[in-house]
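The values are calculated or read from the model by the stated rules, or taken from the named source; none is laboratory data. These figures come from a predicted structure and were not determined experimentally. With ideal geometry, Cβ positions are generated from the backbone for all residues, glycine too; neighbour counts draw on all protein chains shown.
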DNA sequence: AACCTAGTTTCATATAATGAAACCAAGGTG
DNA sequence: CACCTTGGTTTCATTATATGAAACTAGGTT
């Protein structure tokens, strides 16, 4: 499952370095790596030559390289909902005057694809590209809820439930119950499950064929409003989601959660 | 020079696919690829399994995958000037009320890292991650001007000068003259060299050690102002650039244009 | 000077990549 | 309907490449 030859291993190393969130030394990576010293060394060297990693000779540290930013630009424009959703999200943001998120499901994790912040100007990658857990975010739960049962089970299986706040759902049973409630409702909430004081309404974006393309959410704080207040945004969210789905339809769209092509 | 074993070749394929700017079929890639059919096929398959590419089974097309967006988030935060520059750019943007760009030099090309648009909200990757030619943009020219002479020559060497507008510099000689004028001045302009009606002032961000870290620019249109008008922003640009350089200094920083580590 | 520790290089071996050729599946086209 | 053609996929013997144990080197420490 975890191995596509040399290339797969190299990308595994790349992921590992990126996961630190800060420049790392060779020995740190080595300690956490399944690869022996010279193998890892050569991978890091190759990735650096390829500018997938950047190497700081003074501090002797590696960090993700700029080439990724360039490639991601292409990915974001071609392979995400963002360009299609943009006008609709702009309209939504203007109408509700709260923070709006657009997310997709990537490999059992929530990947934020775009964001609108009514007040201060948008902070670019600082939000887009960010990942979060699926089981304790509004967008994560609604996307999961409308996913294929097999996928749901797979995600629950491999999920390690971490308690972020008092309200975090921390058992498979609790999550399953929540998901079926969401399915019944058509949308979901984040009830301070990830961060205290932060609440949101989330709406899935589903294609005609019933496939989950992504999700939208409107986020606010308990000091400004409450769940009932957020619920009033449901109609406009629904409207926005269906417009995005419609546009995506005509554009046609890659299948992200396609299973491995064959696996040799 | 162009080969780091299998991984390098796979990344070459990834770049190629990303370069199309649209989903591509296998045969299209094959036609433009140095690799024989089965080899290319396996690379695409591997990259798809790794979610570096997304495959649309209906249209049988490949496009850059979402995993890149995730990785790029880390790269943007750790390996670019953007997080350090953010507050300064915010201030600059508020002060001048025009579009502000932050760019770095990546492999002889201009890579836009961040953007502030006074009026409409920021469009995320739609600008960050975008690349442009160095010889006919304000930021490109100022970064080049203060780069190592060897790098300048290398860039000029491999540059294919395309005429975008009547004002585009299209010969090595013209560019060399412009660069030394910029060195004398400390900053540079884009005189509608890339797009008619679009002009800008650009300021390099240089470290104490004299290394070019990136560049800033304020962009406007000929209908709103002229070069003299833009020149009035030079003091604040200079101030912003030096503040960013100072902050970068203390943070310390990877060396992007480091030459290949050894090359086996 | 002896002794770590972190990073780099060697080299025989095992493994994985390679690509010519064959194969398969759709669409044509006569 | 039989016969191509085009575009994509699989096989498999060959070759090139990755691998990792061990040896080595350069800075720091004691």
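Buried (at least 23 other Cβ atoms within 10 Å of the Cβ), within 10 Å of chain B (Cβ to nearest Cβ) and more than 16 Å from DNA strand D (Cβ to nearest atom): which single residue out of A:54, A:94, A:19 fits that description? I'd like the intermediate steps shown before the answer.
On the way: A:94 fails: buried (at least 23 other Cβ atoms within 10 Å of the Cβ); A:19 fails: buried (at least 23 other Cβ atoms within 10 Å of the Cβ).
From the options A:54, A:94, A:19, the qualifying one is A:54.
Condition test on residue B:224, is it at pLDDT below 95 and either outside the structural domain of residue B:93 (by TED's automatic domain parsing) or part of a loop (DSSP other than H, G, I, E, B) (or both)? Judged against the criteria, residue B:224 is a match. Against the list (1) under 18 Å from the mean Cα position of the chain (by Cα); (2) surrounded by fewer than 22 Cβ atoms within 10 Å (Cβ to Cβ); (3) farther than 18 Å from residue B:219 by Cβ, the condition residue B:164 fails is (3). The residues on offer are B:151, B:89, B:113, and the sole one that is away from chain A (no Cβ under 11 Å) and either surrounded by fewer than 24 Cβ atoms within 10 Å (Cβ to Cβ) or touching a residue at least 60 places away in the same chain (Cβ under 8 Å) (or both) is B:151. For residue B:71, the stated conditions hold: it is more than 16 Å from DNA strand D (Cβ to nearest atom) and either within 11 Å of chain A (Cβ to nearest Cβ) or over 24 Å from the mean Cα position of the chain (by Cα) (or both).
Quick check on my filter: what residues within segment B:7-23 are modelled with pLDDT of 95 or more and more than 21 Å from the chain's Cα centre (by Cα)? B:7, B:8, B:9, B:10 - these are the residues of segment B:7-23 that are modelled with pLDDT of 95 or more and more than 21 Å from the chain's Cα centre (by Cα).
Restricting to segment A:180-197, name every residue that is over 18 Å from residue A:170 (Cβ atoms), out of contact with any helix residue (DSSP H, G or I) (no Cβ under 8 Å at 6 or more places or on another chain) and not in a loop (DSSP other than H, G, I, E, B). Passing the criteria: A:184, A:185. Could you list, in sequence order, the residues of segment B:81-112 that are part of a strand (DSSP E or B) and either more than 9 Å from the chain's Cα centre (by Cα) or modelled with pLDDT of 90 or more (or both)? Listed by number, the residues that qualify are B:99, B:100, B:101, B:102, B:103, B:104, B:105, B:110, B:111, B:112.
Identify, please: which residue in segment B:30-51 is in contact with a strand residue (DSSP E or B) (Cβ under 7 Å, 6 or more places away or on another chain) and more than 7 Å from chain A (Cβ to nearest Cβ) and is, among those, nearest to residue B:249 (Cα to Cα)?
First, the residues of segment B:30-51 that are in contact with a strand residue (DSSP E or B) (Cβ under 7 Å, 6 or more places away or on another chain): B:44, B:47-48.
Then keep just the ones that are more than 7 Å from chain A (Cβ to nearest Cβ); that gives B:44, B:47.
Working: B:44: 41, B:47: 37 Å.
Only one residue tops the list, namely B:47.
Answer yes if at least one residue in segment A:74-85 is at the interface with chain B (Cβ under 7 Å from one of its Cβ atoms) and within 11 Å of DNA strand C (Cβ to nearest atom), and no otherwise. Checking segment A:74-85: not a single residue is at the interface with chain B (Cβ under 7 Å from one of its Cβ atoms) and within 11 Å of DNA strand C (Cβ to nearest atom). Exactly one residue out of A:100, A:66 is crowded, with 24+ Cβ neighbours inside 10 Å and touching a residue at least 60 places away in the same chain (Cβ under 8 Å), and it is A:100. Note on segment A:13-60: residues that are more than 11 Å from DNA strand C (Cβ to nearest atom), more than 21 Å from residue B:77 (Cβ to Cβ), out of contact with any helix residue (DSSP H, G or I) (no Cβ under 7 Å at 6 or more places or on another chain) and assigned to a helix (DSSP H, G or I) total 1.
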